[in-house]
Amino acid sequence: MTDAATASPVRQLADRFWEWFLERQPIYATALGYQQYDDQLPDASAEGRATEVAGLRSLLEDAAAIDRDGLDVEDTITLDMLEVVARIQLRQHEHDIHHIEAMDAMAGPQTTPGDLSRYQRVDTPERFDRLIRRLERFPTYLAAHRANLEEGLRAGRTAARPVVARVTEQTRRLVDTPLENEPLIAANPDLDAASRSRLEEAVRKHVRPALADYLAGLEAYAPHAREGDGLWALPGGEELYETLILASTTIEATPRELHDYGLEQIELIREEQAVVASQLGFADVNALRRSLDGDSSNVTSRRGEIIELAERQIARGNAVAPRYFGRLPRAEVVVRQVETFQEAEAPPAFYLPPPPDGSRPGIYYVNTYEPEGRPLHRLAAHTFHEAVPGHHFQIALETELEGLPAFRTLGSRLAGAAYGEGWGLYSERLADEMGLYADARERLGMLDAQAWRAARLVVDTGLHAFRWTRQQSVQLLRDIGLSQIEAETETDRYITWPGQALAYMTGMREIVALRRELEQRDGARFDLSGFHDAVLGHGSLPLATLRRELPAWVQPRG
């Protein structure tokens, strides 16, 4: 940790911002292992938003006052990123994103108890007391989000009907869950009798009634949900979508540009898929998919079999990784299935990073809901994207970087998802180079996953800018190989998180373009391991910063 008295002005500003941010987002702080805010919840009220806007404006003023002449590379990057974060978050506030952002089955306020069950530690009396105090604040927290939704309703800015239906059903399941299966209680089976009784009482007194009230609010809201699935249907929706494109990709890009690029990539990937089909003796990809759909060895009714397969895939990746990376993360990654309270709405897989204190490993969550509808040949691409060499390598290594402010090692993902998701998608292709796919069927799964991300460019922009219906999105995703349940879940995710799905292919395009540029520059002396270490060696970056700085970091082999 740099001494505050000797730190550069940029480092001091980054440290001040990071402490301010953790105080504003205490659940995020808990996930990272900070304990001083473990009894707090975010302030979603109008007063809380005013405080946040004032803090972001102050950050920009302080950043503008710093003389950029003579800053070293890392300070220049840090200052860039602080300004990117502040400007994007201010733009979101300007467009009143609070009117709809709480309507979210993956990360809405109703999921908070389940989220806390994953990472809030209760292994000392002090930590347990913080959790109880946090749960006591839960009713106020939910009430603030309900007020935001009602404000949006009065302004004619409501969430889309299918999203409201998913959130309502999820909240109803949470209310109806037997107490012993409530996530916080089920996740802490080792509590002594007195502590368990206190936790049960807190859930009965604070969590359950608050969720029941929130459910009543959702049911009253549902008839007013907007009919149009995209942001175009909202007053000011076009401008909000432009802001969310920037927030996700970190570049100024038009919906038309991204839509057309997605269509181009789908066609290129279809050519690759046709080659795989031919190799396996099929006339076309559709014939191959029909065969896979009818292949009993490609599905399982046993959830544990999916987890075991993912564990074997991670082991293969770890065994080969030293040939492609000079630096490997110290933290391990484990596989868990998505909890029942969230599995119906969750994506096929996602990743939870390890905290910097090493108190737990990275967690690769695999969705085993209705396992018979999840073809096994697609799992490998998810594993290599989310775990090894994908997000686990990227985020765990970022957490372990030395000499950078915590904002850079723990909070840089605030500056957009394109770098991280671009790396995850690049990792699916890299896994093919590494020989990690077990057979041609898994390679088809990888190509299907690539087509899926290309289709995201098409359907996200289609839904939010070009007035596509939910069914149009589902149909395109079915056409590129997703199952019905995957296509519906993914479409509702894009409706819920406008712009987020654009990050993947946009970020991968930048990483691939830089690799090709450096391969041409260095020829036979191009060092692939050095390239990967350089891409991951400075943490998550805005794409413009990555393009500006990376060529100087990658050196040819001597």
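Within segment 474-497, residues that are over 19 Å from Ala107 (Cβ atoms) and part of a helix (DSSP H, G or I) sit with their Cβ atoms under 6 Å from residues that are modelled with pLDDT of 90 or more and basic (Lys, Arg), at 6+ positions apart or across chains, in these pairs: Ala487/Arg478. Which condition does Phe526 not pass, out of (1) hydrophobic (A, V, I, L, M, F, W, C); (2) buried (at least 22 other Cβ atoms within 10 Å of the Cβ); (3) free of Cβ contacts under 8 Å to residues at least 60 places away in the same chain, if it passes all the others? The one condition Phe526 does not meet is (2).
Mind checking which residues of segment 99-120 are in contact with a Pro (Cβ under 8 Å, 6 or more places away or on another chain) and either free of Cβ contacts under 8 Å to residues at least 12 places away in the same chain or part of a loop (DSSP other than H, G, I, E, B) (or both)? Hits for segment 99-120 are Ala102, Met106.
Please determine whether any residue of segment 363-379 is free of Cβ contacts under 8 Å to residues at least 60 places away in the same chain, out of contact with any Gly (no Cβ under 6 Å at 6 or more places or on another chain) and assigned to a strand (DSSP E or B). For segment 363-379, residues free of Cβ contacts under 8 Å to residues at least 60 places away in the same chain, out of contact with any Gly (no Cβ under 6 Å at 6 or more places or on another chain) and assigned to a strand (DSSP E or B): present.
State whether the residues of segment 490-505 include one that is within 18 Å of Arg270 (Cα to Cα) and not assigned by TED's automatic domain parsing to the domain that holds His99. Yes. Would you be able to say whether some residue in segment 392-399 is touching a strand residue (DSSP E or B) at 6+ places or on another chain (Cβ under 6 Å), crowded, with 24+ Cβ neighbours inside 10 Å and in a loop (DSSP other than H, G, I, E, B)? Taking every residue of segment 392-399 in turn, none turns out to be touching a strand residue (DSSP E or B) at 6+ places or on another chain (Cβ under 6 Å), crowded, with 24+ Cβ neighbours inside 10 Å and in a loop (DSSP other than H, G, I, E, B).
Screening the candidates Arg270, Arg290, Arg312, Arg316 for the property of being modelled with pLDDT of 95 or more and more than 23 Å from Ala349 (Cβ to Cβ) yields one hit, Arg270. Answer yes or no as to whether Ser248 is hydroxyl-bearing (Ser, Thr, Tyr) and either buried (at least 20 other Cβ atoms within 10 Å of the Cβ) or in contact (Cβ under 8 Å) with a residue 24 or more places away in the chain (or both). Yes; evaluated as a whole, the condition is true for this residue.
Pairs needed: first member in segment 279-299, more than 13 Å from Arg441 (Cβ to Cβ); second member anywhere, surrounded by 17 or more Cβ atoms within 10 Å (Cβ to Cβ); C-beta distance under 6 Å; at least 6 residues apart or different chains. As it stands, the answer is Asp284/Ala277, since those pairs meet every condition given. Scanning segment 440-476 for residues that are surrounded by 24 or more Cβ atoms within 10 Å (Cβ to Cβ) and on the phi > 0 side of the Ramachandran plot yields nothing. Determine, yes or no, whether Ala105 is closer than 25 Å to Arg16 by Cα and crowded, with 21+ Cβ neighbours inside 10 Å. No. Here the condition is being touching a residue at least 60 places away in the same chain (Cβ under 8 Å), surrounded by 16 or more Cβ atoms within 10 Å (Cβ to Cβ) and not polar (S, T, N, Q); of Leu191, Leu215, it holds for Leu191 alone.
Would you point out which residue out of Asp96, Asp123 is surrounded by fewer than 21 Cβ atoms within 10 Å (Cβ to Cβ) and without any contact (Cβ under 8 Å) to a residue 12 or more places away in the chain?
On the way: Asp96 fails: without any contact (Cβ under 8 Å) to a residue 12 or more places away in the chain.
None of the other options fit; the residue is Asp123.
The values are calculated or read from the model by the stated rules, or taken from the named source; none is laboratory data. Remember, it's a predicted structure, so these values are computed and weren't measured experimentally. A quick note on method: Cβ atoms are made from the backbone with ideal geometry, for glycine too, and the neighbour counts reach across all protein chains shown.
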